[in-house]
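Down below is the structure, laid out as structure tokens.
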Amino acid sequence: MNSITSVSEQGSIVEAAATSIRAEANIGKLLQDAGKLKPQDMERVLKLQQEQNLRFGEAAQKLGLVTEADIQQALSQQFEYPYIPAAEASLNPELTAATAPYSKEAEALRTVRSELLLRWFNEGRKTLAVGSTSADEGASYLAANLAVLFAQMNRKVLLIDTNMRQPRQQEIFHLGNGMGLSDILADRVPSLQVHSVKPFHTLAVLPAGSPPPNPAELLARPAFGALLSGLETSYDIILLDTAPSQLTSDFQVVADRAGGMLIATRRNVSRLAPLAELKEKILFTGAQVVGAVVLD
């Protein structure tokens, strides 16, 4: 059966083909700019691409000029999806969403992100605490990776380490032992001490700061609530990494200020009794238990 294509349909087909060609050319340029391809390699890739009807990246990879990781990095630039290849990462390798965004672990964390968008951040809420019963259950890991994942959606994200007793975010993001939250609440610094994280231009981290002798009292000050209220006007999402409940009661003040807490648990580590106690303590503050995430 013969088919007739209208002038408008022909125009759409031509435009789609042109878009595809531009996309392929962009991939080639991105790989060249990254130093993965030399100008003389381009002709070889284009020739094989035409001969075998391949995508530019597939042809370049088939010739052994680039790796799958190189292609993924170029695509991430093309689609404005920032991440840091593990081989080039200056961040802690446990920051899976930043260094291995195509891994099973990162995909599982994206599911958590989607649930939070539907169940918590969809009603005008901006702040969420992330906690656990013990330090080895992964609350800091979960908070850090969620911060990166929200930034990859181009949301303006602030991650605050409220665990002034055993802070982790400065280690995960390699921030050093500078000023931070404790110094702000103690009026030791005149301005907010946040650190931007490259290449995640919409992600900032506020570390715990100088170790104070009175973290519980600092967090209980009205200044902490006022700080969060002010920050909510500047950020789309604020995640608060909290101290473990078995270490201190600091998490209750943080949960109260945030209005809700996501609980991190770890397979073969977490125990039901401490988790049940943590849930009751969160609810006692008037905050919600948003959910629990089981980490391997």
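The values are calculated or read from the model by the stated rules, or taken from the named source; none is laboratory data. Owing to the predicted nature of the structure, the values given are computational and were not obtained by experimental measurement. Heads up, the Cβs are rebuilt from the backbone with ideal geometry, glycines too, and the neighbour counts pull from every protein chain shown. Calculation scope for accessible area: heavy atoms of the full protein, side chains included, ligands and nucleic acids excluded. Shrake-Rupley method; radii C 1.70, N 1.55, O 1.52, S 1.80 Å.
Quick rundown of the values:
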item	result
Filter result for the condition that a residue is open to solvent by 10 Å² or more (accessible area, probe 1.4 Å), over 15 Å from L91 (Cβ atoms) and touching a Leu at 6+ places or on another chain (Cβ under 7 Å), over A226, A220, A208, A186	A186
Cβ pairs under 8 Å, 6+ apart, first in segment 167-196 and under 19 Å from K156 (Cβ atoms), second surrounded by 20 or more Cβ atoms within 10 Å (Cβ to Cβ) and of a type in the set (D, E)	Q169/D161; Q169/D241; L181/D161
Residue in segment 148-161 that is acidic (D, E), within 27 Å of K281 (Cβ to Cβ), touching a residue at least 60 places away in the same chain (Cβ under 8 Å) and open to solvent by less than 30 Å² (accessible area, probe 1.4 Å) present	yes
Among (1) aliphatic (A, V, I, L, M); (2) more than 28 Å from D236 (Cα to Cα); (3) modelled with pLDDT under 80; (4) in contact with a helix residue (DSSP H, G or I) (Cβ under 9 Å, 6 or more places away or on another chain) - the single one A16 does not satisfy	(4)
Members of segment 42-97 that are under 26 Å from P199 (Cβ atoms), polar (S, T, N, Q) and either at pLDDT 80 or above or in contact with an Asp or Glu (Cβ under 8 Å, 6 or more places away or on another chain) (or both)	Q61, N92, T96
Complete set of residues in segment 229-284 that are touching a Leu at 6+ places or on another chain (Cβ under 8 Å) and over 30 Å from I184 (Cβ atoms)	T265, R266, R267
The listed residue being closer than 25 Å to G260 by Cβ, of a type in the set (S, T, Y) and surrounded by fewer than 20 Cβ atoms within 10 Å (Cβ to Cβ), out of S134, S140	S134
Looking only at segment 173-220, and only at residues there that are in a strand (DSSP E or B) and β-branched (V, I, T), the one that is modelled with the highest pLDDT	V205
Filtered residue count, segment 235-259, keeping only those that are open to solvent by less than 30 Å² (accessible area, probe 1.4 Å), of a type in the set (V, I, T) and in a helix (DSSP H, G or I)	1
